[in-house]
1. Relative contact order of the range 27-105: what whole-number percent is it, with Cα pairs under 8 angstrom and at least 6 residues apart?
2. In sequence order, what are the phi-derived ³J(HN,Hα) couplings for the range 137-144 according to the Karplus relation 6.51 cos²θ - 1.76 cosθ + 1.60 with θ = phi - 60°, rounded to whole Hz, with x for glycine and proline?
3. How would R260, R201, R322 rank on accessible area, largest to smallest, probe 1.4 Å?
4. Give me D for the range 362-413 in µm² s⁻¹, whole number, from Stokes-Einstein with Rh from the Kirkwood sum over alpha-carbon pairs, 25 °C and 0.890 mPa s.
5. Working with all protein chains in place, sort T342, T67, T131 by solvent-accessible area computed with a 1.4 Å probe, largest first.
6. Over all directions, what mean area does the Cα convex hull of the chain project, stated in square nanometres?
7. Specify, per residue and in Å³, the volume enclosed by the convex hull of the alpha carbon atoms belonging to the range 21-97.
8. From the backbone phi of the range 307-312, what are the Karplus-calculated ³J(HN,Hα) couplings (6.51 cos²θ - 1.76 cosθ + 1.60, θ = phi - 60°) in whole Hz, Gly and Pro given as x?
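The values are calculated or read from the model by the stated rules, or taken from the named source; none is laboratory data. It should be emphasised that the depicted structure is a prediction, and the values quoted were computed from it without experimental measurement. Ligands, DNA and RNA are stripped out before the accessible areas are found, and what is left, the full protein with its side chains, is counted by its heavy atoms. Shrake-Rupley method; radii C 1.70, N 1.55, O 1.52, S 1.80 Å.
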Amino acid sequence: MAESKTVHSPLLTYFSMLSLLTLCPPFVILLWYTMVHADGSVSQTFDYLKQHGLQGLIDIWPRPTATAWKVIACYAAFEAALQLLLPGKRVEGPISPMGNRPVYKANGVAAYVLTLVTYLGLWWFGIFNPTVVYDHLGEIFSALIFGSFVFCIFLYIKGRVAPSSTDSGSCGNVIIDFYWGMELYPRIGKHFDIKVFTNCRFGMMSWAVLAVTYCIKQYEVNGRVADSMLVNTVLMLVYVSKFFWWEAGYWSTMDIAHDRAGFYICWGCLVWVPSIYTSPGMYLVNHPVNLGTQLALYILVAGILCIYINYDCDRQRQEFRRTNGKCLVWGKAPTKIVASYTTTSGETKNSLLLTSGWWGLSRHFHYVPEILSAFFWTVPALFNHFLPFFYVIFLTILLFDRAKRDDDRCRSKYGKYWKVYCEKVPYRIIPGIY
């Protein structure tokens, strides 16, 4: 039985699934068009569409070109090769609902460093100019939209015909299966984990690659990089570096350990991350803002502090789990709740729920610095246009929804222990407010 999420009502689930399946692809193209060709102005794009209707959308939708497919193919092949070939520590993921324990190779930092060094090297030695990526961005996004859709169909068929583990199955509804996914841990062969590829090595890596691309494009056009672009790029790179440093921890999160590999996760990582998550930088290419050294440094320091707190939250919980609660949290022995639960195979197991440190402030406090860091790498764009802030708003909605889904999952998993935990840590995200 697939986790066909009883978090939202069936009607709302259907509505959100169908609207995401139909609205996200055109939104990606419209965002790109607005940032690159309509001066970042939503009203300008809106007026254009009002005048030309659906035909207008078809006209501005770039056709995937050979260049776009080549860029994507080279990048994907390079990242897949690094994922398979680079050495790395063996890491075990959490035990799955069916009692399986996936094994990973933690080589994310090496892949990340090698990717950026290679990309900058190709530019430096005049072998490949990253501005090509920016100049063909619409075609690349268009190719990603269609290519990733085909890839999600492949995942659906693979889940039906040749699942990689017992953590798979249908809920009896084709749309829900396609959207949420058939398999929890799809692999090609024994070692190539598809979700690690889509989420980490393609999606998150493209974030860093595109952040650098936008920076180089601004440099090539204007002969210099504005301080706003520098702050944006540095903060995004610090965030992505933090992600790869902590990648093995990410494999224990909801994205990997609970959400199956379907349109929601895989299309999101292959298309939505490179287009929407990088959008503040995409806007800044043609809108260089001069912040002045003082303001730029304030924003930079605030952003880095938020990214550090976000990292420290995850590190604290990881350390707590690794030592089975026998560690110090903020210099003191941690307070915790021992929660027992039953797996689908009927075994009784125990989990420790941390109730002190960052995790005593609220149940998902780590989302607060995450949203704030996104705000700090967007704010260099200032407030002339609303669109650069779309990612911050989207992220806030995403994380609040994820916190609710996580809470609902834990409530059904831990029962009375979760109730005790919620009495001890009453706030979901924002301490004292929510």
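1. Relative CO of the range 27-105 lands at 14 percent.
2. Residue by residue, the range 137-144 yields 4, x, 5, 5, 4, 4, 5, 5 Hz.
3. So, going from the largest accessible area down, we get R322, R260, R201.
4. 201 µm²/s
5. These residues rank, largest area first, as T342, T67, T131.
6. Projected over every direction and averaged, the Cα hull of the chain covers 22.1 nm².
7. 184 Å³
8. Karplus values, whole Hz, x for Gly and Pro: 5, 5, 4, 4, 5, 5.
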